[in-house]
1. Protein chains only, probe 1.4 Å: how do Arg129, Arg270 rank by accessible area, largest first?
2. Share of region 250-460's accessible area from carbon and sulfur, percent, 1.4 Å?
3. Treating only the Cβ atoms of Lys and Arg (+1) and Asp and Glu (-1) as charged, compute the dipole magnitude of the chain about its Cα centre; round to the nearest 20 debye.
4. In whole Hz, what ³J(HN,Hα) sequence does region 68-73 give by Karplus (6.51, -1.76, 1.60; θ = phi - 60°), x for Gly and Pro?
5. What do you get for GluC sites (Glu not before Pro) in region 275-361 restricted to DSSP loop and a cutoff of at most 12 other Cβ within 10 Å of the site's Cβ?
6. Need one number: the % of Cα-Cα pairs in region 18-243 sitting beyond the 32 Å mark.
7. Which whole-number percent is the relative contact order of the chain (Cα, under 8 Å, 6+ apart)?
8. Among Lys289/Lys390; Lys229/Lys466; Lys60/Lys466, which pairs are too far apart, with a Cα-Cα distance over 19 Å?
Amino acid sequence: MVITMGSKRGGSFVSRGSEFVVVANRLPVDRIVGEDGKPAWRRSPGGLVSAIAPVMRSRKGTWIGWAGAPDEEFDPFEEDGMSLHPIAQSAEEVRLYYEGFSNATLWPLYHDVVAPPVYDRAMWDAYVRVNNRFAEAAAEVAAEGAMVWVQDYQLQLVPAMLRKLRPDLRIGFFLHIPFPPLELFWQLPWRRQILEGLLGADLVGFQLPGAAANFVRLCRRLLDARHVKQDVLWEGRIVRARAFPISVDVEELNDLVARPDVRERAQEIRADLGDATVLLGVDRLDYTKGITQRLQAFGELFGDGRLSPGQAVLVQIATPSRERVEQYQLLREEIEQQVGRINGEYGEIGFPVVHYMHSSYDRAELAALYLAADVMVVTPLRDGMNLVAKEYVACRSDLRGALVLSEFAGAAMELRRGAFQVNPYDIDGLKGTLLAALEAGPGEQARRMRTMRRRVTEHDVDRWAKTFLSELENPARPEPADPPPVAVQAG
Ligand code: GDG
């Protein structure tokens, strides 16, 4: 869908009085050049947008976010019943707030420090400044008593900043990535400010109950906050910490895999890969995703003679990501060398054992790949949820295929029984699990896939959004305190 850009500044489209406001680092649209050669907007694909869009339409919603273009300012504009409110960021702010504090400090810290976090005061200052800008915009557009839903680690200070400006609002926050245990979070020089920022919300949502528990424990230890189970008492309010495991747009994926062109494309991919069993990895090129461990295990299986060229191929899609952050550049070099080594050693002319693609594809091509894959390999070292695992399951209504899934992906909590679970740090274990998944017969595949599909189809992204918003709007009663222990009478 292509949308024409708003024409003049001055807020002709600014919606003052939205009953529902989403605040996210990015707007749900990308800036493109339209067919007429003029700049335009195209709605970005993704479950979050489709889950939230109906609520936005029914409640006069506004989405506040960055348009993705540094140093450029855009007017607010309307699309499909949603008001979009762009927030400007200078190139320097993108470097310090987005690439810096968000992705070189918080991202590695929250993912078990699998890479060393950078602690830099200028980055922190930019994080505060940009969070403030988002909070001010939300305060400006929200109607009296409106619901505001703040998304993710880039905006953890917004809840408290916004509450200060607009105490009348109901504020929810959802963290898409893991929330670390106290022992790691403690490293952060600005740990108190981040916690206090989150405590500005009425409801703080996490992917897993363990993350909510980490948060509550930190509030108690760092801020001396009282709590009753997962309800933290803070500045005379109750802040609820709860788990809401995110999911995928099952309907969208069902429609995609029913399309004849997508099914044909899946067959074409299979035919191109010969008779080999097809393993598939789809990840942003990120050091949390365990791509190097996956490649190592796969390569060693050929070295050991447990797999032979022609018997299995790995298709690895590595979507470009955060390309200006140094650790991502180093990772790309490492992965590309590894792929070169494996193919150099075990590939044959016209038949590499690893097909590595460093590019993005449209949703239809991804669905065709999911249909073509015998084994989906998802091996993150730490992941909030991992939607790729759930997308694969949602696409396999034929009950074929096997999912190899890291124990460190949030998705493992729900897909535990159907997936081939693995510790990606254990390369021998990973090799054994890859083989077990490759060897699973149709009966075993169907049994496992059925279990996983039941979970994913019943808990889709629509249910996720509705559950969060209804908890924010009509909080269930506070968690009752445990009854006092019954006194045991002596004698
Ligand atoms: C964060 C958390 C959490 C990938 N390549 C292409 C493409 N994708 C899509 C996938 C999937 C999404 O991107 C990736 O989602 P993940 O969940 O796997 O990972 P993150 O990007 O790290 O997401 C994560 C998530 O937030 C949601 O809360 O699950 O734990 O880290 O949907 O299909 N999409 C298209 N082309 C590609 O080449 N169109």
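The values are calculated or read from the model by the stated rules, or taken from the named source; none is laboratory data. Keep in mind the model is a prediction, meaning the values are calculated, not measured. Glycine also receives a Cβ, built like all others from the backbone with ideal geometry; neighbour counts cover every protein chain displayed. For accessibility, only protein heavy atoms count, side chains too; no ligands or nucleic acids. Shrake-Rupley method; radii C 1.70, N 1.55, O 1.52, S 1.80 Å.
1. Per-residue accessible area, sorted high to low, gives Arg129, Arg270.
2. 45
3. For the chain, the charge dipole is close to 1460 debye.
4. My calculation for region 68-73 gives x, 10, x, 6, 10, 10 Hz in order.
5. Qualifying residues, ordered by number: Glu323.
6. When all Cα pairs of region 18-243 are counted, 17 percent exceed 32 Å.
7. Reported as a whole number, the value is 12 percent.
8. Table pairs above 19 Å Cα-Cα are Lys229/Lys466.
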